[in-house]
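Report on the structure given below.
The values are calculated or read from the model by the stated rules, or taken from the named source; none is laboratory data. Owing to the predicted nature of the structure, the values given are computational and were not obtained by experimental measurement. All Cβ positions, even for glycine, are placed from backbone atoms using ideal geometry, and neighbour counts span all protein chains on display. For accessibility, only protein heavy atoms count, side chains too; no ligands or nucleic acids. Shrake-Rupley method; radii C 1.70, N 1.55, O 1.52, S 1.80 Å.
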Amino acid sequence: QVQLVESGGGSVQPGGALRLSCTTPGIAVNGYVMDWYRQAPGKQRELVATITVGGSTNYADSVKGRFTISRDNAKNTVYLQMSSLKFEDTAVYYCKARLGAVHYWGQGTQVTVSS
């Protein structure tokens, strides 16, 4: 069973920045579509950013221009650089790897934006 591992979460003030990391033991990160999701308390999990096998990226409108997804194939790691953080970015952030019907998830990392 593949288990992705997220890290880099924490508490930050509005306007601050964090970089989340997702390592993928057992799979090659450049062979999967990699997503970052988030789930705020009482809300459904939502897709935040995607990077395809070819390197194309897509973002939710709510984070466009503030978040950047990237991939380091040598380190088998996907990143989510988050800047200009807002209160509404507070959530548990999850990494997902997908290839056809195969999906792997991580356990999540908490991001809290508060003053």
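Here the simple spin-label model places points 7 Å from the Cα toward Cβ, and for Ala74 and Glu88 these points are separated by 3.9 nm. Rounded to the nearest whole Hz, the Karplus-based 3J(HN,Hα) values (6.51 cos²θ - 1.76 cosθ + 1.60, θ = phi - 60°) of region 32-41 follow the sequence 10, 6, 10, 10, 10, 10, 9, 9, 8, x, with x at glycine and proline.
Spatial offset of region 1-60 relative to region 72-96 amounts to 5 Å, using the alpha carbon center of each. Across the chain the C-alpha pair distances fall into 10 Å bins from zero in the proportions 15, 51, 29, 5, 0 percent. Computed extension gain for Thr57 through Leu99, at 0.36 nm per residue and net of the alpha carbon distance, reaches 13.5 nm.
If I take R0 = 30 Å and measure r between the Cβ atoms of Ser115 and Leu47 in this structure, what FRET efficiency does the formula 1/(1 + (r/R0)^6) give, to the nearest 0.05? Intermediate values should be presented prior to the final figure.
Values: r = 27 Å, r/R0 = 0.91.
Calculated value: 0.65.
Surface composition of the chain: carbon and sulfur make up 48 percent of the accessible area, probe 1.4 Å. Report, by chain and number, residues whose modeled amide H sits under 5 Å from the one on Val48, excluding near sequence neighbours (fewer than 5 apart, same chain). Residues meeting the amide H criterion: Trp36, Tyr37, Arg38. Protein heavy-atom accessible surface, 1.4 Å probe, per residue over the chain: 51 Å².
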